[in-house]
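K.L.:
Sharing a structure below in structure tokens format, with a few things to ask.
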Amino acid sequence: MKEHSNSGFLLGDQHIEPARCAIQTTEGEIRIEPRVMDVLMLLVTHAGQVVTREEFIKSVWGGTFVTDEVLSRCVYRIRQALGDNPKQPRFIETVPKRGYRLIAPVRKNVATAEEVTASAQDTLPDSAITQQMRSVTGGRGLAKRRRLYWIAPVAAVCALVIVYLVRHASTPQEAYTAIVHDNGENNLASVHPTAIQNRDSIAVLPFVNMSQDPEHDYVSDGLTEELIGLLTKVSHLKVVARTSTFMFKGKGEDVRRIAELLGVNNVLEGSVRIAGNHIRVATQLIDANTGYHIWAETLDLEFKDIFTVQEKIASAIVRALKVSLETGDAVQGITGREAPTADMMAYRFYLQGLYHWKRRGESSIRKSIDLFRAAIERDPTFAQPYQALATAYLVLPFYSRESSATAFEQAAAAANNALKLEPSLGKAHAVLAFISLKRWDWSTAERQFQLALATEPNDPTIHQWYSEFLSYVGYLDASTTEALRARELDPVSPVVNDRLGVTYLWSGEYELAAEQFQTATELGLSRDAYDQAYALLLLHDGQIDEAVSLYEKILGKLGLDTDWVRPVAEATKDPALIPRALEAVALARADSSLPDSIVLYAAVLLKQPDLAFEVAENALADKSLTVEFIFGPEAKILRRDPRFPRLLTALGLDKHWHEHGWPEICQLQLETVICN
């Protein structure tokens, strides 16, 4: 363990350095995310007291809506770093239905309280120092019988908290306002030193098709999606994604209950009635907190005026919510666009294509491809069908036996055509980014993802795909952050919740991964999909039969041998069975040409590095290797092997890291790559 600096404090037997977001343990230094350190510092400044969820949200997230699971993840990361067991805690105690309490003793380290105060004096104005030290030394929030135990260490530590807050604020004034006091009591972390985000938010519920013909669902669904797309372009407005809002289609759920589940303050409802080329659109904007209408309107129009209606509704919402100081600019951004096509039949084909694409499944996706092509044939200058065609081809291999190489070529061609017509189409950039990811062209993928996020910052699918990319290139914490952002935008999407579970798994956060996978399953995700991550979790938890059953279904769909699965699974719990498992794997490889990318999983689970590197090298040729797996906890036998840097070079990751920064999991030390 390295020598402690004077910049931290002792929590139990662990040395905490807040300014560096570091924890020094007997195993070495562990870095945690700044937000996780914020949670720990709030617990420290309230040592011995229960900190409620509401207090965490107010202090750490500035009052912004976050789910319970986000806080749970932060506490989990702290416990993981400290080596704490929630069932027999030494550091953090869970208080059911209330919050968390720090139970470990807090002690100043080498630095004296005077030294720490002097450090703070270098940054804070004199008035702030006087007020804050008065606040620190008051300490009336603790019970008198415990004061002698806590007050001296907490006083010194709270001075360190001042330094932490000051160093994380961009100006002295922000530092001063970030530190608050209330009648002399210590309340240092009650305001997080970041700007409080705007809380305006809306869910656009699926418009109801009031026509006699259910075939007109594509119009009502399409209008809903177009409105969501327009509103996502308004800064400061959180718009829940289509996947989550459409979960409530036809359910008749109370609006206030929907708003609570989706974490929004406002809900837009609407209906569409179609008779020939005539459309009646009725809309109402509802304040979810009161249930009262904010605004309502009914519009009668010809189908050719559909774009004008979309703009009129969206701009009315912006004006009603007053979501931005630049409301006028926001409205102009919505209403200033040109109609994407003058051919209404092309637009109908496009909406019908979206309707079928959203239903997924091979037949629906192929139907959508035909409709998008029909729209393009009617109007070759209509950019949106090209973008939609690109996404349809991109996902087709995941629902069929279509060759990925062929489908990706068609997807890339459609995306490029879309961008030639309309360079601001973010999803087209994202398609090119995802293809580059699968081709291991890391720099192109990064560039295209940044373009996609710049033009469509509120698209959950882009954040989901970017999360996968970040896992592939070893940035595990950043991958989780992107997955959390995707879920914030699309909270009840099965695939988004599943992606978050995968990021937790690669980070070794098994409890959180299990919770997320369970949520994804409850939301309708089929576990028969190609889902090795969930199978790995089941194995880790000792659920051998469940893991075997799932993986046999996965391989069965691919037409691959499954006889080796149970021997390998059982050998993970009983090393004496490894020879039998290896024999089963060898037989499967000989009899059915089991792909090397799948054999890699078996080799890692059986702790056979020679076999693992052999098959990994073979999988490089066709780029079938699931790269993010090599950064997961099971693959540590690979990362500890001297051959691992050569694998990274073959993947082109070391070059990418030289250009974009080295991840925490792998560092360059004296020209040598060291991976933990």
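K.L.:
Taking every pair of alpha-carbon atoms in segment 563-657, give the share separated by more than 16 Å as a whole percent.
P.N.:
Values: 2397 of 4465 pairs.
Result: 54 percent of Cα pairs exceed 16 Å.
K.L.:
Over all directions, the average projected area of the alpha-carbon convex hull for segment 345-477 comes to how many nm²? Walk me through the numbers before you get to the answer.
P.N.:
Numbers: hull surface 30.9 nm².
The Cα convex hull of segment 345-477, projected and averaged over all directions, gives 7.7 nm².
K.L.:
Another question about this same structure. Mind jotting down the three principal axis lengths of segment 498-598 based on Cα atoms? Whole angstrom, largest first.
P.N.:
38, 29, 21
K.L.:
If you roll a 1.4 Å probe over segment 261-318 with all protein chains in place, what percent of the accessible area is carbon or sulfur? Walk me through the numbers on the way to the answer.
P.N.:
Numbers: 1150 of 2470 Å².
Heavy-atom surface of segment 261-318 belonging to carbon and sulfur, 1.4 Å probe: 46 percent.
K.L.:
Now, a different point. Round to the nearest 10 and report in Å² the accessible area of residue 21, as given by a 1.4 Å probe over the protein chains' heavy atoms.
P.N.:
Surface accessible to solvent at residue 21 totals approximately 10 Å².
K.L.:
Can you give the accessible area per residue of segment 610-676, in Å², using a 1.4 Å probe? Before the final figure, lay out each step's value.
P.N.:
Numbers: 3420 Å² over 67 residues.
About 51 Å² of surface per residue is accessible.
K.L.:
Return one whole number: the accessible area per residue of segment 216-302 in Å², for a 1.4 Å probe.
P.N.:
On the way: 3760 Å² over 87 residues.
On a per-residue basis, 43 Å².
K.L.:
Okay, moving on. Taking the Cα centroid of segment 408-458 and of segment 631-654, what is the distance between the two, rounded to the nearest whole Å?
P.N.:
28 Å
K.L.:
Taking a point 7 angstrom from the Cα of residue 443 along the C-beta vector, which residues in segment 643-676 have backbone N less than 17 Å away?
P.N.:
Counting backbone N atoms under 17 Å from the label point, the list is 649-662.
K.L.:
More than 20 angstrom separation, counting every C-alpha pair in segment 417-526; what % is that?
P.N.:
Across segment 417-526, Cα pairs with separations above 20 Å total 39 percent.
K.L.:
For segment 493-639, give the percent of accessible area contributed by carbon and sulfur heavy atoms, probe 1.4 Å, rounded to a whole number. Before the final figure, lay out the partial values.
P.N.:
Numbers: 2970 of 5870 Å².
Within segment 493-639, the accessible surface is 51 percent carbon and sulfur.
K.L.:
Please list the equivalent ellipsoid semi-axes of segment 13-106, computed as the square roots of five times the alpha-carbon gyration tensor eigenvalues, in descending order and whole angstrom. Walk me through the intermediate numbers first.
P.N.:
Details: eigenvalues 81, 47, 27 Å².
Working through the eigenvalues yields semi-axes of 20, 15, 12 Å.
K.L.:
Also: On full extension of the chain, what length is gained from residue 364 through residue 668, given 0.36 nm per residue of separation minus the C-alpha to C-alpha distance?
P.N.:
Working: separation 304, 0.36 × 304 = 109.44 nm, distance 4.80 nm.
Separation in residues times 0.36 nm, less the Cα-Cα distance, equals 104.6 nm.
K.L.:
Just to confirm, what accessible area per residue do you get for segment 542-581 at 1.4 Å probe, in whole Å²? List each step's numbers first, then the result.
P.N.:
Values: 2010 Å² over 40 residues.
Heavy-atom SASA per residue in segment 542-581 reads 50 Å².
K.L.:
Pull out the extension gain between residue 33 and residue 293, defined as 0.36 nm times the separation in residues minus the alpha carbon to alpha carbon distance; nm, one decimal.
P.N.:
Numbers: separation 260, 0.36 × 260 = 93.60 nm, distance 4.16 nm.
This chain segment gains 89.4 nm when fully extended.
K.L.:
Also, I was wondering about something else. Got a number for carbon plus sulfur as a percent of segment 399-489's accessible area, 1.4 Å probe?
P.N.:
That share works out to 49 percent.
K.L.:
Still on this structure: Can you give the convex hull volume of the alpha carbon atoms of segment 203-283 per residue, in Å³?
P.N.:
Numbers: hull volume 7.4 nm³, N = 81.
Here the figure is 91 Å³ per residue.
K.L.:
What number comes out for the charge environment of residue 390, summing +1 per Lys or Arg and -1 per Asp or Glu over other residues with Cβ under 13 Å away? Intermediate results must be reported in sequence, preceding the final value.
P.N.:
Numbers: positive: 373, 420, 427; negative: 409, 422.
Result for the neighbourhood of residue 390: +1.
K.L.:
May I ask for the distance between the Cα centers of segment 521-563 and segment 251-301, given as a whole number of Å?
P.N.:
The two parts, judged by their Cα centres, are 41 Å apart.
K.L.:
Could I ask something else about it? Sort all Cα-Cα distances of segment 609-676 into consecutive 5 angstrom bins from zero, then give the percent of pairs in each bin up to the one containing the longest distance.
P.N.:
Cα pair-distance distribution for segment 609-676, in percent: 4, 16, 30, 28, 16, 6, 0.
K.L.:
A further question on this structure: In terms of Cα to Cα distance under 25 Å, which lysines are near enough to residue 607, apart from those fewer than 8 places away along the same chain?
P.N.:
Partners within reach: 553, 573, 623, 636.
K.L.:
Taking all protein chains together and a probe of 1.4 Å, list 655, 249 from the most accessible to the least accessible.
P.N.:
Numbers: 655 135, 249 80 Å².
Descending accessible area places them as 655, 249.
K.L.:
Sort 501-508, 639-646 by the packing proxy (mean of other Cβ within 10 Å over each peptide's residues), most packed first.
P.N.:
Values: 501-508: 24.4, 639-646: 15.1.
Top of the packing list down: 501-508, 639-646.
K.L.:
So for each of 422-435, 346-359, 366-379 I average, over its residues, the number of other beta carbons within 10 Å; can you give me the resulting order with the highest mean first?
P.N.:
Numbers: 422-435: 23.5, 346-359: 21.7, 366-379: 19.6.
Ranked from most to least packed, the peptides come out as 422-435, 346-359, 366-379.
K.L.:
Using DSSP to call loops (not H, G, I, E or B), can you name the chymotrypsin sites (Phe, Trp or Tyr not before Pro) in segment 239-300 whose Cβ has at most 16 other Cβ atoms within 10 angstrom?
P.N.:
Details: sites: 246, 248, 292, 295; in loops: 292.
Those satisfying the criteria are 292.
K.L.:
Okay, next question. What aspartates and glutamates sit close enough to residue 87 to cross-link, taking a C-alpha to C-alpha distance under 14 Å and skipping anything fewer than 8 places away on the same chain?
P.N.:
Cα-Cα hits under 14 Å: 511.
The values are calculated or read from the model by the stated rules, or taken from the named source; none is laboratory data. None of the values given here were measured: they were computed from a predicted structure. Neighbour counts are summed over all protein chains in view; Cβ atoms, including those assigned to glycine, are modelled from backbone coordinates with ideal geometry. Accessible surface is based on the protein model in full, side chains and every heavy atom, while ligands, DNA and RNA are left aside. Shrake-Rupley method; radii C 1.70, N 1.55, O 1.52, S 1.80 Å.
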